1. What pairs from K19/K47; K19/K42; K5/K66; K12/K41; K2/K48 go past 21 Å between their alpha carbons?
2. Measure off 7 Å from each Cα along the Cα-to-Cβ vector at D38 and R54, then give the distance between these two points in nanometres to one decimal.
3. Calculated FRET efficiency, K66 and D20, Cβ-Cβ r, R0 30 Å, to nearest 0.05?
4. Assign unit charges at the C-beta atoms only (+1 for Lys and Arg, -1 for Asp and Glu), then state the dipole size of the chain relative to its Cα centre in Debye, rounded to the nearest 20.
5. Taking the chain as the reference, fit the longest principal axis to its C-alpha atoms, fit the long axis of helix 40-68 to the helix C-alpha atoms, and give the angle between the two in degrees, 0 to 90, nearest 10.
6. Just to be sure I understand the model, the point goes 7 Å from the Cα along the line to the Cβ. What's the resulting Q31 to R7 distance in nm?
7. Pop out the carbon and sulfur fraction of the accessible area of the chain as a percent, whole number, probe 1.4 Å.
8. Can you tell me the order of 53-64, 17-28 when each peptide is scored by its average per-residue count of other Cβ atoms within 10 angstrom, highest first?
Amino acid sequence: MKAEKIREIDSKDLATRLKDADEQIFRLKFQMAMGQMDGMKKYRELKKDRARMRTVLGERARNEQKGTK
């Protein structure tokens, strides 16, 4: 998912998607530890998406802090 699309999502929904991505990454890590390497591409994409989501949420938090000062 591109950063532009992530920015279009509201913060509450984005936090929910981030939690879901964390759970999926956990499951994929477990599967890879068991020897199933099928999910490596999906694992990499999820990690990148999760980082993008965290970045956008962080930007929004910093912008809210600037607005209150």
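The values are calculated or read from the model by the stated rules, or taken from the named source; none is laboratory data. Because the structure is predicted, anything quoted here is derived from the model rather than measured. All Cβ positions, even for glycine, are placed from backbone atoms using ideal geometry, and neighbour counts span all protein chains on display. We work out accessible area using only protein heavy atoms, side chains counted, and drop any ligands, DNA or RNA first. Shrake-Rupley method; radii C 1.70, N 1.55, O 1.52, S 1.80 Å.
1. K5/K66; K12/K41
2. In this crude label model, D38 to R54 measures out at 2.8 nm.
3. E between K66 and D20, to the nearest 0.05, is 0.55.
4. My answer is approximately 260 debye.
5. 10
6. 3.2
7. Taking all protein chains in place, the chain shows 51 percent carbon and sulfur surface.
8. Top to bottom by mean Cβ count within 10 Å: 17-28, 53-64.
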